[in-house]
1. For chain B, what does the relative contact order come out to in percent, with C-alpha contacts under 8 Å and a separation of six or more?
2. Could you work out [θ]222 nm for chain B from helices alone, using -39500 (n - 2.57) per DSSP H run of at least four and dividing by all its residues? Round to the nearest 500 deg cm²/dmol.
3. Return a whole-number percent for the relative contact order of chain A, with Cα pairs under 8 Å and 6 or more residues apart as the contact set.
4. As I understand it, the value is the acute angle between the Cα axis of helix A:93-103 and the longest principal axis of the Cα atoms of chain A; what does it come to in degrees, rounded to 10?
5. Of A:218, A:94, A:35, which has the largest mean-square fluctuation in a 10 Å C-alpha GNM of chain A?
6. So for B:73, B:41, fewest C-beta neighbours within 10 Å to most, what's the order?
7. What is the spread of the Cα atoms of chain B along each of their three principal axes, largest first, in whole Å?
8. What shape does region A:71-172 take by its C-alpha gyration tensor, where a ≥ b ≥ c are the square roots of the eigenvalues and a/c under 1.5 counts as rounded, a/b above b/c as prolate, and the rest as oblate?
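Please treat every number below as a calculation from the coordinates, not as lab data. Since this is a predicted model, take the numbers as computed values, not measurements. Cβ: placed from backbone, ideal geometry, glycine included. Neighbour counts: every protein chain shown.
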């Protein structure tokens, strides 16, 4: 007779601890691989041909991807442990959005998508963490660009609403099924269609976005568009002078 | 090019032997004398007896963590002026702040800096006695 499988319950606290230990345990050997690849690439062990250099460079790029994913896991573990730190300062959301779009312009084009954004001339600064809010804006734009069929079109707007600045990201993608609405900001949640289109996604972007915005005393929500796609919003308090 | 005259001594306090190996090669090629310690206790002893020109210090170490090594170095008149570069995988703002406030010259995160980048920092801070 086959042995009965037993479900082991692990507390949330213990999970946070496990993630943190595993992440740090992974980082050391990956740092070693990174170091060896860099040493080979710089010719420490003999001459490197252009083709070898290209392969080494691709390998290093993928090492960076692993590090980024580990950092994301650590970020999630900090969120759950309520230890996510933020460094508040005045931030121009228009500048942040422009920067994200500039840095990702080739990627957006390669994904057959157009992003429309007109930076408002006058917009008060918000009080937030500049590094984390860049990540939030990047996550929203990346989702809007990736999850679509055919040519994509994303509209981004920023406007003042009372004591807040509102960020709006509207896409024409395949949207989120209604049954998944309540899970949209849950960690590791991915709809079947999203999994199919981009199997390498982590399902952590929106979870992190929600945590960052709420830690900044802001709000985050979404709507299904009347036609195709979704619109995601967040609002952040204006920095008082 | 190696620094002229007597070789400058770099002590690396790092548990992982693969990392020590890669830095041993890199820093030796760059003209430094490389010495190493595999835990915090051994590291602190070597700082005192070897008087290196610079210490490359990891934080997660057996027997005495990197922060404690740094505190120990700063308490000792003979070692307090030896420059320390922290080279760690801990990238949290609070760790960086703590390391710098304890007197490290630089705080480098292993995943974010290249081997050559570390060598450049070592060249910058290695102190001639």
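1. Numbers: 218 pairs, mean separation 30.5, N = 129.
The value is 24 percent.
2. On the way: 5 runs with 54 residues, N = 129.
Calculated mean residue ellipticity at 222 nm is -12500 deg cm²/dmol.
3. 17
4. Approximately 40 degrees, to the nearest 10.
5. For chain A, modelled as a Gaussian network with Cα springs under 10 Å, the answer is A:35.
6. Values: B:73 23, B:41 17.
In increasing order of surrounding Cβ atoms, one gets B:41, B:73.
7. Here the spans come out as 37, 33, 24 Å, largest first.
8. Working: a/c = 2.13, a/b = 1.21, b/c = 1.76.
Cα axes put region A:71-172 in the oblate bin.
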